[in-house]
Amino acid sequence: MKPSIVTALLAVFLAACGLREPRREEPAQLQPPPVQRPTPASAQERARAHTELGSGYFQVGQYKVALEEFQESLAIDPRYVPAHSMMGLVYMGLKEDDKARKSFERALKIDPNDPDANNNYGLFLCNRQREKDSIRYFLVAARNTLYSKPHEAYANAGVCARRGGNTAEAMEHFQRSVQLEPNYPRALVNLAQLQFEAGQPDRAKANLSRFVQISKTPDAASLWLGVRIERQLGDRAAMRSYAALLEQRFPNAQETRMLREGRFE
């Protein structure tokens, strides 16, 4: 039988048995994963992003760009309190007091308990010679259990109470600030000053020493305070140490001139 006839019969036999000649398997094509489109951010998330960006510009003094970011934030979410509050700070820096006040009031109308808005409005009032009015806003911020910086609000209240002539209240606020954050420089140095003035040099020395250790770059006023505290305590070596730092770092400061002239009171 000829080969062509054999081949033909074999093909018929395989077909009758329901078989097929094996075919070379092609590699499976990999299917790309389905594209997952990003979920659009919520209005509040987008408003927060613009506010955080504006806050960065505000911190470096680029007020115009900061305002643009806050305005963009409020165009997205007109009730976003942090944008109103930060806009108030920008207007305060620009000395546009009416706009600043309205921004703070809008923020507090939306959320009267917002700690940052209360603290910022307190700063505005204190810097506009309304020290007594400012205290209650600082305390609303400080007493908010969700606020991450109550020690700063208490210190702000202390500064403004002192400006308003209420040294006893100021000392209470600084003490509360230090209780919450023992290493907060601003509260420490102010508390030391008040304790020195109140005839408590030992307590003043402890707080000033901690301030100097933490700040590492004390200013002329704090070094001069150290000179006077140590003089009152009779520690001449410590007094000379503070005096040497004052002379070295701030030779032209008013405090240095007072040291040279022996005007310790």
Chain lengthening between A221 and Q71 when straightened (0.36 nm per residue, less Cα-Cα): 50.0 nm
Simple label model, 7 Å out from Cα along Cβ direction - R136 to E247, nm: 5.3
Sequence of H151, H50 from largest to smallest accessible area, 1.4 Å probe: H50, H151
Residue list for the stretch 153-190, given a label point 7 angstrom along the Cα-to-Cβ vector of R203 and an amide N cut-off under 14 Å: 167-179, 188-190
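Which peptide among 52-60, 139-147 comes first, and what is the full order, when sorted by highest mean count of other Cβ atoms within 10 Å?
Values: 52-60: 15.8, 139-147: 17.3.
The most tightly packed comes first, giving 139-147, 52-60.
If eta is 0.692 mPa s and T is 37 °C, what Stokes-Einstein diffusion coefficient results for the stretch 67-146, Kirkwood Rh from Cα pairs, in µm²/s?
Working: Rh = 12.4 Å.
Calculated translational D: 265 µm²/s.
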Fraction in percent of alpha-carbon pairs per bin - 10 Å, the stretch 174-230: 28, 60, 12
Cα centroid separation - the stretch 160-183 against the stretch 96-118, whole Å: 24
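The values are calculated or read from the model by the stated rules, or taken from the named source; none is laboratory data. Everything numeric here is computed off the predicted structure, so don't read it as measured data. FYI the Cβ positions are ideal-geometry reconstructions off the backbone, even for glycines, and counts take in every protein chain you see. Side chains included, ligands, DNA and RNA excluded: accessible areas come from the protein's heavy atoms. Shrake-Rupley method; radii C 1.70, N 1.55, O 1.52, S 1.80 Å.
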